[in-house]
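What follows is a set of notes on a single structure, which appears directly below.
The values are calculated or read from the model by the stated rules, or taken from the named source; none is laboratory data. Treat the numbers as computed from the prediction; the structure is a model and nothing was measured. Because the Cβ atoms are built from the backbone with ideal geometry, glycine has one as well, and the counts that use them run over all protein chains shown.
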Amino acid sequence: MINVTNEFKELMKTRTDFKENAQIMFADGSTLNLSEDDFSMSNNGVVDSAGANSIPLGCAICRNIQIELLNDDDHLKEYDFYGAKIRLYLTFELSETTEKIEYGTYTVITPETYGTTVLVTAVDDMYKADKAYTTALPFPATAANVLADACTICGITLGSTSFLHSDYVIQEKPSDKYTYRQIIGYIAMIACGNARIDRTGHLQVMTYSFDWTNAHKLTEWSNLTVDTSDITVTGIQMERTAKRTIDGKEQELKETVLVGTKRYVLTVVNPLVTGNEGTLISWIYAVFKDVSFRKFEGDSFGYPIAEFMDMAKITDWKGNEYNTFLTDVNFNFFGFTTMKNSAESGLRLASQYSNGETRADIKAADLVSRERSARETAVQKLQDAAANASGMYETRVELEDKSVITYLHDKPTLKESLVVIKITAEAVAVSNDGGKTYPYGMILTGDLITKMLYAEGINADYIDTGTLVVRDKDGNVKFLVDLTTGQVVINADSIKIGGQTVGDLIDEKTKSLTSNLTMSLTNDYRAISVDSNGDYSTFPNDIITAPTVMYGSEDVTGQCTYTVAKSDTLTGAWDSSKRQYTVTGLTDDTGWVDITAVYLDNLRITKRFSVSKVYNGQSGVTYGLITSSPIIKKTSQSELTPTYVDFTAYYTVGKDMTKYALNVRFVIEEVLNDDGVWRTVYTSTQDESEVRRSLYTVLTTKDGKVPVSKDGKYAFGYPRNVTSIRCRFYAAGGTTQLLGEQTCAVVADATAQLSQSDIVEILSDGGRWNGLYYKNGKLYTSFSAALGGELTLGGKGNGNGKLAIRNDTGKQIGYVDNTGVHFNQGEFSGLFAGELSSPLGNIGGWKISNNPKCIYSGDAPGDAGITLYSSGRMKIQYIDETAGVIEAETTLDVIDGRIHTYQQTLVSATLTDCDLSNPTRLLNPPTVSSGGHIVFAADGMTLAYLGSSSKRYKNHVKDISDEDVQKLFEIPVVYFKYKDGYLDASDKKNGIPIPGFYAEDMEQAFPDAVMYEDGKVEDWNYRTLIPAMEKQIQILYKQNQELMKSIKELKEAQNNGNKL
């Protein structure tokens, strides 16, 4: 609801003479102020609507306005409205003052319609979000961070990152098939509401709050249609994808999740909550539960203070009052206000909404591209607010000690105001709810409390924040700290060392190492039997899983650290001493726990444990699988230990931990050659409680017989290249209802693959952390410096010693070992007694001379090449012997502080030609906004500084008179071409017409502006001509003012005559 004074509300019951006003800021920077006389009597209004035939939920509202301007005299034809910003506001005269309602700023994104009137439509900043979603934000990320990132990229100012469920963690980056506007809507749905741009230009996420205490009381109608009964939302449902095994194959099936009952159901769609659909619909149901409201549509007499999602009480012709809320508001300045609640009638069984259905078709890609940074947008909004907003009223309250507390407020009385600034001796506080709370302000000790802070820089001793994001100029996230998700992200791909990104360097080093780290769980999947309502009488005690972590063939479970993440539908606890997770509750059909193990501080692996309900009419029965060997070891000769794995199915009842044998159907799958493809190798043909799977392929004869050992106990076979085994078991009689699952990891002996230096690099994070590390009976050291008397490398028992030198990218650039000193880059430095020489008498092609003392690159000092003399002289010489003469020489010589550059052709040691056919050029000078001018003097050769224009260097003679410049009005302005050969051949104006003056004409019209050379007219001086032209402008301006005055007097006389 738009806040206005009580007098405003009372007066608009009896009169609706609202005045429409607007200020238009065109794309070229010009402005046009419009008053009530500039608008026609129709087609002027504000539409604040979701545009959905349902209860709006998860909608990103884009308000739009339409104005129709009078254009009888065609005075608006000079304006291009496309891209213009329209600030629209309403004024209403009260008894002693005029009150104003700001409707916000809108952008014109469709061409206007011209005629005797000009019809213009415009939209608020939500149009900027109508483009494909893409982001560099790392995921998982909170809903608040995803929203802030979207607003930053789209150039929309975000009102607040604090909203209902703003800390919800979105696990995966949304697809680019969605738009930013859809993503904003989905986030608003997580907050159980909608998103909109408020009248100050800030994006707000609004949660439904069904409180009718301060609702609109709508009693005056031109026409009104009210539904026959209240609507009560009885349930929320959502479709999700679940994995199910049918006929031995895992398939993805669509299923519907419902909270509540199926009488009046809202069906929602939200890809941001995949895996947590039950959580979202539970949140929404908690907001809508037990709420009743009435669907309606009606035209009220002018009602300018209603907004989308406002609560309202409507009264029909019979005096019956109904609670409702507004989903659509269409306010017309010179007519009725249409309002409605667009919920589907209660006679329908269900209502369905996806915010993609209300997405506007806006073709404004070129306008969206004109985005600003978040700070630039905030600064512009501050400037607009300062320029356009109304003033404040003041209330002073005197205390007992005669001191005064001052209140500044937006309405004449403090009681009617929403915006209140309270000033005391200790603080300046700001309220947006009429003084009920003061969430922002400044304590005079220096503490500042603000919602969003925009600054060019922050210099602080410390920053305490929930989320810190650093972006580059393209909006890519380079650094992020999110205390909600626990993430600290540094974009390694944007940091390069030695031409490679840090990410690539880390990947190269750790790829082979992490492949040797494996994890298995005592249970991958557990099923819990429930009754037909999905309930269990007592949650079982044995829904437990524990990890086993292997590095190669070494069990490193006890050497790892662990973190646990879970779905919202599951409750439980991690026991760090036993290293196991116990599930204590399941609120939905499925749930999961991700267990992450970290080894040697930097190698990590994650495994998921899943829990699911089984609807079989029983309650409290759980199912499990016993595996004889969850870890299978593979030697360097490909031998597998053990040679087989046994799987046994069981069940337990309630809290009784006794395991009872269970007849089931088994399906065993294997991955070969580490290709990631699960192959079914065994399926039960009848019910059985246990199965054995051999890891060897048994040899057979041509007739199918199996050779055995002499005692008949052993068969002969060879190991398969198995890299993983998975056993699933299903309810007896088929392979439809999955009851449990277990995966066995095949690990290789990685001892030879992990060198001592590899271990040091892993422990120290590539040398980042210095210290002593004791692992597996060995001592490892990572240090920044070492000091001692002697360093011994190698020796008896340690082999040949080696000292390796690496650069900062990790690349070895040299080493010292038993074969000598080897370096392929670097330098020798220090003080040397005598001369330093190489075997070839030069260093990299440069020679050192003692007589004369210089360094040179040619055959001798001063020859072709570069010579640097100890006196400071430098000579650069190039000789071309293919020029058709003996030698063609180009030389740059620095002597006695002067630069000499010349070209010459030598014939018998005689100078025959000397010119500057290749003149000197200055390349890539810096660009500045102001400075002095370097010019050539009259001789065309001497560089000089152009004279100053300050009074300090001038004696005033007289002012230029009108007569002095009269002839300039008659000077010919022409197109001309320079004659052939005059301009340099590379000049782009060769042979092309150029606008300008002839200096001879200038001599006749204004000789003071003419420059001469050898007594002849050569050019005109623009520094002299510009003041004369300014005098001409002043003359014309004065004449124009006199004409405008005359025209105005004629119009007034004409108007007075028409009135008579």
| message | Checking the condition in contact with a Lys or Arg (Cβ under 6 Å, 6 or more places away or on another chain) and of a type outside the set (A, V, I, L, M), which residue from 134, 98, 91, 113 passes? | response | 91
| request: Out of the residues in region 728-761 that are part of a strand (DSSP E or B) and of a type in the set (A, V, I, L, M), state the one that is modelled with the lowest pLDDT. | output: 748
| field | Hey, residue 253 closer than 28 Å to residue 592 by Cβ, in contact (Cβ under 8 Å) with a residue 60 or more places away in the chain and not basic (Lys, Arg) or not | value | no
| field | Scan of region 127-157 for residues that are part of a helix (DSSP H, G or I), of a type in the set (Val, Ile, Thr) and within 15 Å of residue 178 (Cβ to Cβ), ordered by number | value | 146, 153
| request: Restricting attention to region 807-823, report how many residues are modelled with pLDDT under 80, charged (D, E, K, R) and under 20 Å from residue 786 (Cα atoms). | output: 1
| remark: Expected single match for loosely packed, with under 14 Cβ neighbours inside 10 Å and not assigned by TED's automatic domain parsing to the domain that holds residue 1 among 175, 166 is 175
| said: among the hydroxyl-bearing types (Ser, Thr, Tyr), surrounded by fewer than 16 Cβ atoms within 10 Å (Cβ to Cβ), over 31 Å from the mean Cα position of the chain (by Cα) and closer than 25 Å to residue 197 by Cα: is that true of residue 14 in this structure? | reply: no
| note | Filtering strands (runs of 3 or more DSSP E) wholly in region 606-682 for at least 2 residues that are within 19 Å of residue 747 (Cβ to Cβ) and modelled with pLDDT of 85 or more gives 631-634, 644-653, 665-672
| said: Between 714, 644, which is closer than 30 Å to residue 554 by Cα and without any contact (Cβ under 8 Å) to a residue 24 or more places away in the chain? | reply: 714
| query | Within the set of pairs 6 or more residues apart or between chains, which connect a residue that is in contact (Cβ under 8 Å) with a residue 24 or more places away in the chain inside region 1-20 to a residue that is part of a helix (DSSP H, G or I) and surrounded by fewer than 18 Cβ atoms within 10 Å (Cβ to Cβ) with Cβ atoms less than 6 Å apart? | reply | 19/36; 20/36
| query | Here are some residues: 77, 100. Which one is more than 33 Å from the chain's Cα centre (by Cα), over 29 Å from residue 196 (Cβ atoms) and not acidic (Asp, Glu)? | reply | 77
| query | When you go through 431, 390, 403 one by one, which is the residue that is hydroxyl-bearing (Ser, Thr, Tyr), buried (at least 17 other Cβ atoms within 10 Å of the Cβ) and either in the same structural domain as residue 233 (by TED's automatic domain parsing) or modelled with pLDDT of 60 or more (or both)? | reply | 431
| Of the residues in region 28-54, how many are surrounded by 15 or more Cβ atoms within 10 Å (Cβ to Cβ), of a type in the set (A, V, I, L, M) and part of a loop (DSSP other than H, G, I, E, B)? | 2
| query | For region 593-605, which residues satisfy the criterion of being in contact (Cβ under 8 Å) with a residue 60 or more places away in the chain and either in contact with a Cys (Cβ under 8 Å, 6 or more places away or on another chain) or not in a loop (DSSP other than H, G, I, E, B) (or both)? | reply | 595, 597, 599, 603, 604, 605
| residue 160: surrounded by fewer than 22 Cβ atoms within 10 Å (Cβ to Cβ), at pLDDT below 90 and either part of a loop (DSSP other than H, G, I, E, B) or of a type outside the set (D, E, K, R) (or both), yes or no? | yes
| query | Taking region 688-702, which residues are touching a residue at least 24 places away in the same chain (Cβ under 8 Å) and part of a strand (DSSP E or B)? | reply | 688, 690, 691, 692, 693, 694, 696
| Based on what the data block shows, is residue 109 in contact with a Phe, Trp or Tyr (Cβ under 7 Å, 6 or more places away or on another chain), touching a residue at least 40 places away in the same chain (Cβ under 8 Å) and either assigned to a loop (DSSP other than H, G, I, E, B) or in the same structural domain as residue 311 (by TED's automatic domain parsing) (or both)? | yes
| request: Kindly establish whether residue 534 is over 38 Å from the mean Cα position of the chain (by Cα) and over 19 Å from residue 746 (Cα atoms). | output: yes
| What single numbered condition from (1) loosely packed, with under 14 Cβ neighbours inside 10 Å; (2) modelled with pLDDT of 90 or more fails to hold for residue 532? | (2)
| task | Would you mind stating whether residue 596 is assigned by TED's automatic domain parsing to the domain that holds residue 519, farther than 28 Å from residue 242 by Cβ and touching a strand residue (DSSP E or B) at 6+ places or on another chain (Cβ under 8 Å)? | result | no
| request: From 181, 196, grab the single residue that is under 18 Å from the mean Cα position of the chain (by Cα) and modelled with pLDDT of 90 or more. | output: 181
| message | Looking at 184, 153, 197, can you tell me which residue is crowded, with 17+ Cβ neighbours inside 10 Å, under 13 Å from residue 126 (Cα atoms), in contact (Cβ under 8 Å) with a residue 12 or more places away in the chain and in contact with an Asp or Glu (Cβ under 6 Å, 6 or more places away or on another chain)? | response | 197
| message | For region 722-736, give me each residue that is over 44 Å from the mean Cα position of the chain (by Cα) and of a type in the set (Gly, Ala, Ser). | response | 731, 732, 733, 734
| query | Can you find a residue in region 573-587 that is in contact (Cβ under 8 Å) with a residue 40 or more places away in the chain, under 29 Å from residue 517 (Cα atoms) and not in a strand (DSSP E or B)? | reply | no
| Which number in (1) in a strand (DSSP E or B); (2) without any contact (Cβ under 8 Å) to a residue 60 or more places away in the chain; (3) buried (at least 16 other Cβ atoms within 10 Å of the Cβ) marks the one condition that residue 241 misses? | (3)
